[in-house]
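Have a look at the structure below, then the notes.
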Amino acid sequence: GYGNRMGRGSSGIHDRLYTRAVAMSNGDQTVIILANDLLAITDDLFKAVYKKITREIPLKPDALMISASHTHSGPGALAKKFWESFATGPFDPNLFEDTTQRMARAALEAYQRMKPARLGGGSIPVPELIRNRMVEGAPVDPSLGFIVIETLDQTATVYLVNYSAHPTVLKDNNYLISGDFPGAIERRLEEDLG
């Protein structure tokens, strides 16, 4: 995730990476959201995951949202195109296949485990936690937005969180795999809230 690494690989694991999935349906349309501890989602990656999912269940392409936390300390080698792989190292077809398979499996598991639920959300201001590192004093989005999905039987609660900060807390001299601050938020929510 850093160009000056010149494609050099990781030296170990700081914290584990995850694909997290939630499936929702209103009875007419199903939507699946996959949140990943990755740098980016390419068109090729999206298409591969979508193809694997739709072998098992019907799903419109616009009903699948795949996001990346944009951690710069995650795996590279997932981009097929030259410019996409410039900062992440040469494409690794085995890693691509394994990653897309795991993502599809998470989506299908979420689909199979859907239960009646309620949905809510909001945002909180946290301007003290963000700055524009490129242009001092430039505009930033100071809000942390969230959606909460809670099953009616209260056996599961899902939090979708959006915070417009660049996951580069661990700098370019870090060669350990990490979800960076989004991974830390995920772990903290799971520890505190289940």
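The values are calculated or read from the model by the stated rules, or taken from the named source; none is laboratory data. Please read all numbers here as calculations on a predicted model, not as lab measurements. Neighbour counts run over all protein chains shown; Cβ positions are idealised from the backbone, glycine included. Please note that ligands, DNA and RNA were not included when accessible areas were found on the heavy atoms of the full protein model with its side chains. Shrake-Rupley method; radii C 1.70, N 1.55, O 1.52, S 1.80 Å.
Tabulated data
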item	result
Breaking point among (1) among the charged types (D, E, K, R); (2) closer than 30 Å to K115 by Cβ; (3) part of a loop (DSSP other than H, G, I, E, B), for R8	(2)
Any hit, the range 55-70, residues being under 13 Å from M103 (Cβ atoms) and touching a residue at least 60 places away in the same chain (Cβ under 8 Å)	no
Cβ-Cβ under 8 Å pairs, at least 6 apart or on other chains, the range 131-143 side farther than 25 Å from L160 by Cα, far side assigned to a loop (DSSP other than H, G, I, E, B) and open to solvent by 60 Å² or more (accessible area, probe 1.4 Å)	R133/H166
Residues being in contact with a Leu (Cβ under 7 Å, 6 or more places away or on another chain), modelled with pLDDT of 90 or more and either acidic (D, E) or surrounded by 18 or more Cβ atoms within 10 Å (Cβ to Cβ) (or both) - total across the range 150-182	4
Sole residue being small (G, A, S) and under 28 Å from T54 (Cβ atoms), chosen from A106, A165	A106
Members of the range 53-95 that are within 20 Å of S25 (Cα to Cα) and crowded, with 18+ Cβ neighbours inside 10 Å	I53, L59, L64, I66
Every residue from the range 132-155 that is charged (D, E, K, R) and either within 22 Å of the chain's Cα centre (by Cα) or outside any loop (DSSP other than H, G, I, E, B) (or both)	D141, E150
